[in-house]
Amino acid sequence: MSSPKVEKVMKSSLTILFVMVSIDYTGAVLNDLRIGVTRSWLPIVQSALDASNVSLPVELVDIYPGNTRSTFDTIDKTHSAVERMNVHAVIGPYEPALGLVVESLNIPYLSTTQVSSKSLHRNTFQIMPEMQWSAEAILDIAQTYGWEKISVFYDDDSGVQVLEELMTNHTIVVRAWRLPLKARSRQIRNALVEMRKVLVEKSVVLCSKENTHLLLEEARDLAMLSTPPYGWLFYDPGDEGQKVFTKYVEIAVNFTVVTLLDFNHTIESYDHSRLDFALASDALQLVTSSFSILEESASATNTDLSNDGVRFQLSRAIKNNMESGYTGYLDFNSEGRRSNFTLTLTAITGDFNYLRGHWFSDPPELYRPLVLYTQQFPFNRSTPFPLRGRTARVVMIEERPFTMKKRDHMLRRGNDKFEGFSVDLIDEVARMLGFDYEIYLVNDGKFGSKLPSGEWNGMIGELLAGNATMSVAPLSINAQREEAVDFTKPFKTRYISVLMRIPRRETSYFEFLNPLSPIVWICTLCAFVVVSVVLYALERIGRDKTQESGDSIEITVRESFWFIFGSLLQGNTDSTPCTIPGRILTSAWWFFALILISSYTANLAAFLTVKKINTPIKSVTDLAQQTKIKYGTVKDSGIMSFFKNTNIEHFSKMWAQMSEVEPDSMVENTTEGFQKVRNEDYAFFWDTTVNKYQTISDCDVMEIGPAFDPKGFGIGVPPGATYREELSMSILRLSDQGKLHEIETKWWDNTKCPDMTKSSTDETSSLQIDNVAGVFFILVGGIVIAAIVCLGEYFTSAMIKASKLDIGHKNDKRNGYGKTDPAFL
């Protein structure tokens, strides 16, 4: 098979021969080459002419028709201008009115844009390849790469052709988003978030340089650039995005750029696009080369050409001439469309770019259109962390002790307003991986659950919406959330426990009565009365009056009661039993009193000095078997999902109970749950980590176990985020270095409350006045009663004396005494 250079020489020779045979001898002199250009393209073609090495005299002519009233007026004025200026060829974007004019004058029209089949004439040559060819190239590349799901981003009608080509292949699932020509960041972000929701990781981009730049910026913020798993294919025929793509060298991207230009092209960046410059240069080269062929032919045969002859022969020369320019071989088919061209594939993988392959529009037989090249990567090539040097948006939820606002947060700004375990954790991770972060709290105060509409709320919704780069919070990892977002390795394990109010210990002024039960007090009182009466009876019956000792005191009923009472209180009395039965009974009573008083003293010490927490609920099972104390958890939380979906019998029953009284059982957030625990008979199911901290800071609540449903807390990231592994490794390194333990100790080991889980026998306290006030009341009562009795006896005695004196006076008067002896008084 002949080489392209040989084919080029043969075609050029045939062109010269054809022109020499078909020269029109009219006697006119061949003028300088005049090229008509539309006003908007004059600077572009002029730049191409200045950069070229054309030695032929070329004059660029502005063929702008001026202001026109109608299409007919435009055609008429354009025709007059072209004919008046003796234009030999036209270069620029295709315009229908101009196309009709040049066709009628046999002027070659080198169009730099696509021309519809209806507008394509015999003298029109389309320098820009058909978009249909590029669509086939993109399909071949996607199939070769093994892409099964593709998202297509485009901002003009040319993207529709690519979309149609991709959709004809039923092995590829295609999702498309059309962007405005001047898209906004929010519009592009919404499209990317939607793409991530449908789990599409490969993208084809057919957008302007500006939209492509915005697309990549938003994709970087959403961590959708790095490989694996993301792959990006850009159709950029003029290599306009060269500077845009090089901005992401710090990320391990997987970009493939399809361009018309050669891999090592040397086109400088002008004010206009590279593609326009390349097309203008190629069109100019083709026209000047073909015109030079005409000149050589006319000079060799010493003939002259008329103006019309030059135009006609120039069209034929262009059709048969094959030059090579910036966009490859300038070859045309019978319809004047570009053929036999090559697309270049450039791979961009971070800071390493290389020629990935070529796609040929007209490959030789037995050859495939797409040819890919292998590339040996440098041995020291490393994959940089995608977030390095960037600011990540970290969503958190206000939850003690993970994330809290400082007391003076109103005077602070940014991340300095927050403190807690999560804040310390992300600070260590960011310092280790070299990125900045911005903390914000989730608006709805939710952790994240799936709504009936299929959307997610809370922090999960923030990740899916692209508002957050990651979530650092007590967000438990479960199956439903794993389907929506990705998680790192757990940084902490949590269980579910119950938080309840500590039962208030009832104090009583007569707490000293507690060591003995009421029945014992009643029996003791009865025994006191019975023994006193029996003792009196025994003494009364058994006393030998004749042998009664003069020293003994007769035991009356009053003395018997006093003796028994004094013996019970271990006091001394004047009277003692004298009979043997009485002494036997007294010995039995003393033994009874010894045991009773000893037991009472021991129990009193225990009751008054040892704190006992008698809780009606000691486990989750106890809670499930009663209805007095209500229980619940945070609405739309992972713990609520556990109760809702569990197959464990008593947990299912508890969920049924919670569902029946849902307004009273469910709370909006943990703060509301803690308040409900303190103020009501309410048990709050929540994470052990949070409950433990609450018992540390609030001595009126306690945690009840045993804990159940172990799960891990992980950093949440958007699905497919390429920085998840680095975050996981940083957590493992922090754990190995002991940093995680230090942070946990900082927030969970600073307790000011006594540990209620220890045995009650290990915790004693001094007696308070509330515990023994009853004893003082009895003492005061005894004093008051004694005083009253004393006063009663005094007044009674005084009255008796007064009565006796009155009787004495009456007797004296009766006996003749007129005065009372003062000594008597």
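The values are calculated or read from the model by the stated rules, or taken from the named source; none is laboratory data. Being a predicted model, the structure only gives us computed values, none of them experimental. Using ideal geometry, Cβ is built from the backbone for each residue, glycine included, and neighbour counts are taken over all protein chains shown.
Which ranges mark the helices (runs of 4 or more DSSP H) fully within segment 620-695 that have 2 or more residues being outside the structural domain of ALA473 (by TED's automatic domain parsing) and acidic (Asp, Glu)?
Hits in segment 620-695: 649-660, 662-665.
Of these, GLU164, GLU136, which one is assigned by TED's automatic domain parsing to the domain that holds TRP232 and either closer than 24 Å to ASN254 by Cα or among the small types (Gly, Ala, Ser) (or both)?
After ruling out the rest, the residue left standing is GLU136.
Which of the residues that make up segment 32-83 are closer than 20 Å to LEU314 by Cβ and among the aromatic types (Phe, Trp, Tyr)?
TRP41
If a residue has to be among the small types (Gly, Ala, Ser) and either crowded, with 16+ Cβ neighbours inside 10 Å or within 28 Å of ILE541 (Cβ to Cβ) (or both) to count, how many in segment 583-603 make the cut?
Residues meeting the conditions: 3.
Step by step: first the residues of segment 600-619, then only those that are part of a loop (DSSP other than H, G, I, E, B) and hydroxyl-bearing (Ser, Thr, Tyr), then the one that is modelled with the lowest pLDDT. Which residue is that?
Filtering segment 600-619 for residues that are part of a loop (DSSP other than H, G, I, E, B) and hydroxyl-bearing (Ser, Thr, Tyr), the one modelled with the lowest pLDDT comes out as THR615.
Scanning for something acidic (Asp, Glu) and at positive phi, does segment 711-725 turn up at least one residue?
The answer is no; no qualifying residue exists.
Only one of these is of a type in the set (Gly, Ala, Ser) and within 30 Å of PRO363 (Cβ to Cβ): SER104, SER116. Name it.
Testing whether each residue is of a type in the set (Gly, Ala, Ser) and within 30 Å of PRO363 (Cβ to Cβ) leaves just SER116.
crowded, with 18+ Cβ neighbours inside 10 Å, at pLDDT 90 or above and assigned by TED's automatic domain parsing to the domain that holds VAL102, is that true of LEU330?
no
Cβ-Cβ under 8 Å, sequence separation 6+ or interchain: first residue in segment 155-175 and over 17 Å from MET131 (Cα atoms), partner modelled with pLDDT under 85 and not in a helix (DSSP H, G or I). Which pairs?
From segment 155-175, the pairs are ARG175/VAL198.
Applying the selection to segment 440-453, what residues are in contact with a Lys or Arg (Cβ under 8 Å, 6 or more places away or on another chain) and either aliphatic (A, V, I, L, M) or surrounded by fewer than 19 Cβ atoms within 10 Å (Cβ to Cβ) (or both)?
Within segment 440-453, just TYR440 meets the criteria.
So, in segment 93-110, of the ones that are touching a helix residue (DSSP H, G or I) at 6+ places or on another chain (Cβ under 8 Å) and of a type outside the set (A, V, I, L, M, F, W, C), which residue ends up surrounded by the fewest Cβ atoms within 10 Å (Cβ to Cβ)?
SER104
Would you check which residues across segment 220-231 are of a type in the set (A, V, I, L, M, F, W, C), under 22 Å from ILE141 (Cα atoms) and surrounded by 24 or more Cβ atoms within 10 Å (Cβ to Cβ) and list them?
Listed by number, the list holds a single entry, MET224.
So, in segment 398-426, how many residues would count as being small (Gly, Ala, Ser) and either surrounded by fewer than 21 Cβ atoms within 10 Å (Cβ to Cβ) or without any contact (Cβ under 8 Å) to a residue 60 or more places away in the chain (or both)?
Qualifying residue count for the region: 2.
Matching residues to (1) in contact with a strand residue (DSSP E or B) (Cβ under 8 Å, 6 or more places away or on another chain); (2) outside the structural domain of THR646 (by TED's automatic domain parsing); (3) surrounded by fewer than 16 Cβ atoms within 10 Å (Cβ to Cβ); (4) modelled with pLDDT under 80:
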{"position": "ASP486", "(1), (2), (3), (4)": "yes, yes, no, no"}
{"position": "VAL498", "(1), (2), (3), (4)": "yes, yes, no, no"}
{"position": "ARG505", "(1), (2), (3), (4)": "no, yes, yes, yes"}
{"position": "ARG540", "(1), (2), (3), (4)": "no, yes, yes, yes"}
{"position": "TRP562", "(1), (2), (3), (4)": "no, yes, no, no"}
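Of all residues being at pLDDT below 80 and among the β-branched types (Val, Ile, Thr) in segment 621-633, which is nearest to GLY673 (Cα to Cα)? Just the residue, please.
THR627
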